[in-house]
Ligand code: K1U
Ligand code: ZN
């Protein structure tokens with residue numbers, strides 16, 4: 001396993017839709033292992049391949065919950081979203097220091113392949129549903145603040161630029 005660098009806001013790969021995985025092979029499994037290691041080192045609960053600079057449709061989630069084992073999803077597809085929606089705070093490892101309240105469907109059904117290439121179907125709610133939707137957005141080149149109003153979004157981007165400037169001093 002290896003730690004990979006996390007791409008930050010401004011990197012093109014974060015705005016590029018990831019490519020479908022044709023075969024779940026050892027290269028994909030190494031990517032998944034590295035993503036778990038990178039996510040845990042950064043103290044995140046999820047990570048998508050574009051965040052480590054790889055434009056492919058793979059995500060990992062670990063809520064650190066005994067009842068919910070870590071998940072690796074290849075080519076995930078949200079096949080059902082609840083009409084009920086919930087608002088909750090989100091952060092992003094690619095935009096550190098910036099959080100926003102985002103409204104999303106409260107529960108989703110997701111179909112994907114696991115790390116052996118076997119099909120799997122997940123019914124997710126609460127934080128798992130939110131995290132999977134946040135990560136699937138990454139696979140489509142969408143960032144969490146694209147889902148807030150334009151005014152709020154501009155404010156968050158300004159805050160990010162200010163934080164970056166201060167960090168560079
Ligand atoms: O994809 C990422 O950037 C990881 C991100 C996932 C995520 C967090 C919160 C809601 C949805 C998706 C993070 O892990 S940010 C850091 C974090 O651990 C966290 C932040 C806010 C609430 C819960 C956890
Ligand atoms: Zn993110």
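The values are calculated or read from the model by the stated rules, or taken from the named source; none is laboratory data. Model, not experiment: these values are computed from the prediction. As a convention, Cβ positions derive from the backbone with ideal geometry for all residues, glycine included, and neighbour counts pool all protein chains shown.
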State which residue is nearest to ligand 1 (Cβ to nearest atom) when the search covers only the stretch 89-100 and only residues that are in contact with a helix residue (DSSP H, G or I) (Cβ under 9 Å, 6 or more places away or on another chain) and in a strand (DSSP E or B).
90
Out of all the residues in the stretch 108-119, which are surrounded by fewer than 20 Cβ atoms within 10 Å (Cβ to Cβ) and either within 16 Å of ligand 2 (Cβ to nearest atom) or free of Cβ contacts under 8 Å to residues at least 40 places away in the same chain (or both)?
109, 111, 118, 119
Among (1) surrounded by 15 or more Cβ atoms within 10 Å (Cβ to Cβ); (2) within 16 Å of ligand 2 (Cβ to nearest atom); (3) touching a residue at least 40 places away in the same chain (Cβ under 8 Å), the one test that residue 142 misses
(3)
Kindly list the number of the only condition in (1) over 30 Å from residue 23 (Cβ atoms); (2) part of a helix (DSSP H, G or I) that fails for residue 132.
(1)
Checking the condition out of contact with any helix residue (DSSP H, G or I) (no Cβ under 8 Å at 6 or more places or on another chain) and either under 15 Å from residue 3 (Cα atoms) or at pLDDT 95 or above (or both), which residue from 67, 43 passes?
43
Condition (residue is within 15 Å of ligand 1 (Cβ to nearest atom), outside any loop (DSSP other than H, G, I, E, B) and surrounded by 14 or more Cβ atoms within 10 Å (Cβ to Cβ)) applied to the stretch 16-29: is it met by at least one residue?
no
Could you list, in sequence order, all residues of the stretch 39-88 that are over 16 Å from the mean Cα position of the chain (by Cα) and not in a loop (DSSP other than H, G, I, E, B)?
65, 68, 79, 80, 81, 85, 86, 87
Has the stretch 150-158 got any residue that is within 17 Å of the chain's Cα centre (by Cα), surrounded by 14 or more Cβ atoms within 10 Å (Cβ to Cβ) and in contact (Cβ under 8 Å) with a residue 40 or more places away in the chain?
no
